[in-house]
Amino acid sequence: MSYNTFGHMFRVTTWGESHGPAIGCTVDGCPPGIALSEADLQPWLDRRKPGTSKFTTQRKEPDEVRILSGVFEGRTTGTSIQLMIENTDQRSKDYGDIAQSFRPGHADITYHQKYGLRDYRGGGRSSARETAARVAAGGVARAALRALVPGLTISGYMVQIGTQGIDRSRFDAAEIERNPFWCPDPVAAADWASYLDQIRLNHNSVGGVIEVVAEGVPPGLGAPIYAKLDSDLASAMMTINAVKAVEIGDGMAAAALTGVDNADEIRMGPHGPEYLSNHAGGILGGISTGQPVICRFAVKPTSSILTPRKTVNQSGAEIELITKGRHDPCVGIRAVPVAEAMMACVLLDHLLLDRGQTGGLRGRIG
């Protein structure tokens with residue numbers, strides 16, 4: 001299979017399958033001299049790992065990451081960093097019934113049509129298990145960003161599950177880590193618990209919307225045409241399993257605005273230009289403005305459900321199929337740490353690209 005790598009200067013290649021012995025990634029392009037240890041990466045993986053609440057898959061994986069290369073005496077060497085996470089709680093027998101059948105909504109049928117074979121155990125390479133490797137790579141990116149842009153922060157959270165959204169007037173950033181949904185609205189979080197319980201008991205699943213915001217992003221990251229910061233962000237988020245739509249800033253809602261409403265007006269502040277709004281999501285013409293970079297994406301409902309669905313098998317016979325195993329009633333919940341990781345990887349990539357082209361020089365204003 002080709003195309004397992006993303007990034008320009010900061011490049012990540014992931015490897016492994018859901019039910020194989022291990023998954024991991026090779027990170028290339030990380031600057032040398034960055035303080036990095038397994039203890040720096042593990043907290044990010046702990047946030048993504050399965051089995052942390054009844055609202056996620058009950059597969060129990062410690063997701064302990066090992067650094068195999070690229071770090072010496074606690075600092076990156078500038079060579080490739082190899083990261084490995086062992087799989088310890090596979091139940092491949094859960095998937096024996098679908099070895100010759102195609103689960104509706106899954107990549108089973110397209111993998112078979114493209115390659116003529118597939119690893120049916122948990123989806124193999126197409127499983128969301130692969131995203132643990134991205135979170136590990138995102139930990140490397142965060143460590144580098146912390147050294148190169150100390151004030152930069154990245155925060156992801158859920159703004160909608162199914163038909164139920166948050167009330168932004170109740171937005172409390174401190175609440176995000178206090179509930180299993182990464183929800184900044186405590187009232188919505190309580191409602192979601194009851195809602196998702198009912199979805200789960202009905203052998204069903206539901207989708208969600210995740211928002212990820214990077215603050216302290218310097219202006220000037222990105223390029224005008226084929227390496228736009230927003231196009232690379234959209235591409236990165238679309239590679240996350242089950243993501244079906246991506247927005248930057250106001251996104252689709254911008255189509256309902258007038259030019260007067262949509263333009264982010266500018267005034268001079270004590271430290272340079274200041275924007276009076278942020279409909280653009282911190283990016284204009286593919287280049288960061290210095291405002292918060294805001295990205296939002298929609299995750300479809302988990303396709304693995306216990307309700308029978310119509311499909312076909314490999315011989316072409318029409319059948320009904322129940323997908324057994326341990327699955328997330330809303331896979332979007334665990335997509336939050338993955339979104340943060342992808343944001344970190346893209347921002348570091350563009351920071352390194354900018355340093356290579358401009359050396360960090362900027363046009364003067366005022």
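Things to note:
- In order along segment 259-267, the phi-based Karplus estimate (6.51 cos²θ - 1.76 cosθ + 1.60, θ = phi - 60°) of 3J(HN,Hα) comes to x, 4, 6, 7, 5, 7, 5, 10, 9 Hz; Gly and Pro are listed as x.
- Inter-probe distance in nm under a simple model that places probes 7 Å from Cα toward Cβ, at Gln198 and Ala255: 3.1
- Net charge, Ala144 excluded, C-beta distance under 15 Å - Lys, Arg +1, Asp, Glu -1: 0
- Cut-off of 10 Å, at most 15 other beta carbons, DSSP loop: longest stretch of the chain lacking such chymotrypsin sites (Phe, Trp or Tyr not before Pro): 4-170
- Rough spin-label spacing in nm, given labels placed 7 Å along Cα→Cβ, for Tyr226 and Arg362: 2.8
- Between Met268 and Val187, the FRET efficiency from the beta-carbon distance, with R0 = 30 Å, is close to 0.15.
- Dipole size of the chain about its Cα centre, with +1 on Lys/Arg Cβ and -1 on Asp/Glu Cβ: approximately 740 debye, rounded to the nearest 20.
- Rounded to the nearest 500, the helix-only mean residue ellipticity at 222 nm of the chain stands at -8000 deg cm²/dmol, with each DSSP H run of n ≥ 4 adding -39,500 (n - 2.57).
- Lys/Arg +1, Asp/Glu -1 at C-beta; the chain dipole; positive extreme among Asn179, Ala128, His112: His112
Values in this text are rule-based calculations from the coordinates and carry no lab data. Keep in mind the model is a prediction, meaning the values are calculated, not measured. Heads up, the Cβs are rebuilt from the backbone with ideal geometry, glycines too, and the neighbour counts pull from every protein chain shown.
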